[in-house]
1. Considering each of F111, F141, F99, F147 in turn, give the residue that is over 25 Å from A287 (Cα atoms), hydrophobic (A, V, I, L, M, F, W, C) and within 14 Å of the chain's Cα centre (by Cα).
2. Identify all residues within segment 295-308 that are of a type in the set (A, V, I, L, M, F, W, C), part of a loop (DSSP other than H, G, I, E, B) and surrounded by fewer than 19 Cβ atoms within 10 Å (Cβ to Cβ); write none if there are none.
3. Would you say T188 is over 27 Å from Q288 (Cβ atoms) and polar (S, T, N, Q)?
4. List the number of the failed condition for Q283; all other conditions in (1) surrounded by 15 or more Cβ atoms within 10 Å (Cβ to Cβ); (2) in contact (Cβ under 8 Å) with a residue 60 or more places away in the chain hold.
5. Looking at N270, is it open to solvent by 70 Å² or more (accessible area, probe 1.4 Å), of a type in the set (S, T, N, Q), at pLDDT below 95 and farther than 28 Å from L178 by Cβ?
6. Can you tell me which residues in segment 232-250 are open to solvent by 30 Å² or more (accessible area, probe 1.4 Å) and among the aliphatic types (A, V, I, L, M)?
7. What number of residues within segment 144-177 are surrounded by fewer than 20 Cβ atoms within 10 Å (Cβ to Cβ) and hydrophobic (A, V, I, L, M, F, W, C)?
8. Identify all residues within segment 218-231 that are surrounded by fewer than 17 Cβ atoms within 10 Å (Cβ to Cβ), of a type outside the set (K, R) and in a helix (DSSP H, G or I); write none if there are none.
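The values are calculated or read from the model by the stated rules, or taken from the named source; none is laboratory data. This structure is a prediction, so every number in the text was calculated from the model and none was measured. Because the Cβ atoms are built from the backbone with ideal geometry, glycine has one as well, and the counts that use them run over all protein chains shown. Areas reflect the complete protein model, heavy atoms only, side chains present, ligands, DNA and RNA absent. Shrake-Rupley method; radii C 1.70, N 1.55, O 1.52, S 1.80 Å.
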Amino acid sequence: MLSSSSVVCTHRDDGDKKHKHSFFANKAVDLAIGHSSLTREEVVEVFKHMTTSGRIVACSRNAINFEDRAFLFKFTEKEDPTTEIKRISAFTDIHPLEFARQLALLEMDLFCKINPTMELSLKAFEKEGAAPNVFLFSRHFNRICYFTAFEIVTSTNFRQRITAVKRLIEVAAYCLSLSCFNAAMAITLGLQMFVVTRLVKTWTYMPKSHMVMLEKLTSMLSILDNYANYRAALSASLGKTPVVPILAVWIKDLTSIEEIPTHLGVDMVNYSKLSMLASVLRQVADAQRMKYQFHKVSRVQKFILTLPITANDKQLRLLSLQCEPQGGDATVHPVLT
């Protein structure tokens, strides 16, 4: 496996100076192939992704920008289930973009297992055991929400806590940019939990750039006008990019529609109701058609699937008080309205 300081590329022109390194492009490709199970064509494709004006730039892995470094996983990491999880010990060990990508892949997989006709029609989701995949998707949403709060209140070190909040906001922002609305909402709601909002000192020292990100998230996911901003963004994304919707919004819609009488009289069917039901179920099916094409990083996904959380509100409250004692109960950042 390539070390964190390995030179991955070999040739660059900087104005009048030409820098040459011991390994030329072909040698670098050979080196990468030797440390992965990928073909030469796949490795070359990775290098193309990191070229500047057609030339491969010489740099260490640590010098590569975060997006390219995440892409670099394609050939620098082996899929070894016995060792890959050992390298991640904390949430902040993972770059927020990669965390968002792997979270989006997991959520897409869960979402696509839902059968719209069998699990979302006739209020099947309200009947025990009738909609198992809806239950799993909803449970996952709650886990991400509580993990967000848990990650913050268990960071008893002030600097670590600020880093955790910043990273979570960044992950949510990346999820939103990927149209993974469900994860963006789960993280944002976790940030809105009282055990987090009461940490006045923590929020006071948050960078303005991250507060702006949070304001954009809360505005996009606001419940105002029946989620008008979210619905507009979802409508613009469906059929154009992969989408993981906020399933709870569609369930709310379906529940309201089911309250409308199916029959208006003897032998008179309420076709308007059926049309509304079909419209929602069609949107679900449309959202399930397009999949994310990100490379799966198993060690990151395993970490996400085993996130340390507690859904005990009393315990979260006690942990929050350990971070900042009683007396700072005030919300100093935007909330979903």
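1. On the way: F111 fails: over 25 Å from A287 (Cα atoms); F141 fails: over 25 Å from A287 (Cα atoms); F99 fails: over 25 Å from A287 (Cα atoms).
Only one candidate qualifies: F147.
2. Initially, segment 295-308 is screened for residues of a type in the set (A, V, I, L, M, F, W, C), giving 297, 300, 303-305, 307.
Still in the running and part of a loop (DSSP other than H, G, I, E, B): 297, 307.
L307, the sole residue that qualifies.
3. For T188, the condition - over 27 Å from Q288 (Cβ atoms) and polar (S, T, N, Q) - is not met.
4. (2)
5. Values: open to solvent by 70 Å² or more (accessible area, probe 1.4 Å): no; of a type in the set (S, T, N, Q): yes; at pLDDT below 95: yes; farther than 28 Å from L178 by Cβ: yes.
No.
6. Of segment 232-250, the ones open to solvent by 30 Å² or more (accessible area, probe 1.4 Å) are 232, 235-236, 238-241, 248.
Hits for segment 232-250 are A232, A236, L238, A248.
7. So the count comes out to 1.
8. Matches in segment 218-231: S219, L224, D225, N226, A228, N229.
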